[in-house]
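Working notes, beginning with the structure itself.
The values are calculated or read from the model by the stated rules, or taken from the named source; none is laboratory data. Please read all numbers here as calculations on a predicted model, not as lab measurements. Positions of Cβ are backbone-derived with ideal geometry, glycine not excepted, and every protein chain shown enters the neighbour counts. Note: areas computed on protein heavy atoms with side chains; ligands, DNA, RNA excluded. Shrake-Rupley method; radii C 1.70, N 1.55, O 1.52, S 1.80 Å.
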Amino acid sequence: MKEAIPVARSVDHGFAKLMPDVDRERAWLLTVDGAPQSYVDLDDPAHLEFEYARRLGHVLDVVAEPGRALDVVHLGGGALTLPRYVAVTRPGSRQDVVEADRGLLELVAEHLPLPAGARVALHAADARAWVENAPADSADVIVADVFGGSRVPAHLTSVPYVREAARVLRGGGVYLANLPDAAPFGFLRSQLATLATVFEELVLIAEPGVLRGRRFGNAVLVAGHQAVDVAALTRLAAADAFPARVEYGAGLREFIGGARAVRDEEAVPSPEPPDGAFGVG
């Protein structure tokens, strides 16, 4: 078997590299402009290397009974890590991936092809524009993992955007978002307040060191009209190599405090991460 070699290419929104993992035979790390974006093991698509990806995977595991097929929309494509995960853990799921960078989609499709039979449709489009044109009540889950460079774009942080996402979800559907922030959590708290204008049930998953203000990091937000299985989610998050805390109910309302929901005209991107904030975890 010939040795895997790195692939590097200019894509629409940066310079992408696919680098083989020396420890796992058919595993690859995708970076864009030097920032880690995705990790994929073609032989084991259920392996989620990044901490935030594992937390999103935990939520995907508990939103419905094990193995049940779901209709999932992924906003942000990367190397299609989570679509591959859903395809093997919930066979028969119908998935849409919306990625603004057509060149990145083409790079991943060429070098890290999806397995045969995976029902995954790829769309080169802006996430908000695609959501605004999607049919109502058409998705069980929306996963928002969209970054322009290393920041979440401003137009994906406002109440009108969240209303559109809620319209696309079915009544029991769940909205997931991967959001970066650090103390005093102005961005994260405003995003929870924004989601609370539409959804009754909110959950926050984050590493304790991030919540204590010790470092910049990712938080996973879960929003829906019905509660997810918080007990199961807490067990899964606590069992990780890097355990995470699950906040909900009164504790989460206290965290949100007096934060205000975001209107379109005042929306801003997520904060710029400090140097070295994002690495493989």
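Counting other C-beta atoms within 10 Å, and keeping those with at most 15, which DSSP coil GluC sites (Glu not before Pro) do you find in segment 154-257?
Answer by residue number: Glu200.
For segment 14-59, the list of chymotrypsin sites (Phe, Trp or Tyr not before Pro) that fall in a loop by DSSP and count at most 15 other C-beta atoms within 10 angstrom is empty. Residues whose amide H lies under 5 Å from that of Ala144, counting only those 5 or more places away or on a different chain, are Leu75, Leu176, Ala177, Asn178; hydrogens are built 1.01 Å from N in the peptide plane.
Centre-to-centre, using Cα atoms only, segment 231-278 and segment 167-226 are separated by 5 Å.
Ligands, DNA and RNA aside, His58 has an accessible area near 30 Å² when probed at 1.4 Å.
With the simple model of a label 7 Å out from the Cα in the direction of the Cβ, Arg24 to Arg163 spans 4.2 nm.
Ranking of Arg167, Arg263, Arg253 by solvent-accessible surface, largest first: Arg253, Arg263, Arg167 (1.4 Å probe, protein heavy atoms only, all chains present).
Can you pull out the trypsin sites (Lys or Arg not before Pro) in segment 178-235 that DSSP calls coil and that have at most 12 other Cβ atoms within 10 Å?
Arg212, Arg214, Arg215
Cα gyration tensor of segment 173-254, axes a ≥ b ≥ c as square roots of the eigenvalues: rounded (a/c below 1.5), prolate (a/b > b/c) or oblate? In terms of gyration-tensor shape, oblate. Checking (1) 57, 40, 39; (2) 46, 43, 36; (3) 52, 42, 39 against the coordinates, the calculated Cα extents along the principal axes in Å falls under label (1).
Given charges of +1 on the Cβ of Lys and Arg and -1 on the Cβ of Asp and Glu, with all other atoms neutral, how large is the dipole of the chain about its Cα centre, in debye to the nearest 20?
Computed charge dipole of the chain: roughly 380 debye.
Only helices enter this figure: runs of n ≥ 4 DSSP H residues, each worth -39500 (n - 2.57), summed and divided by the residues of the chain, yield -8000 deg cm²/dmol at 222 nm to the nearest 500.
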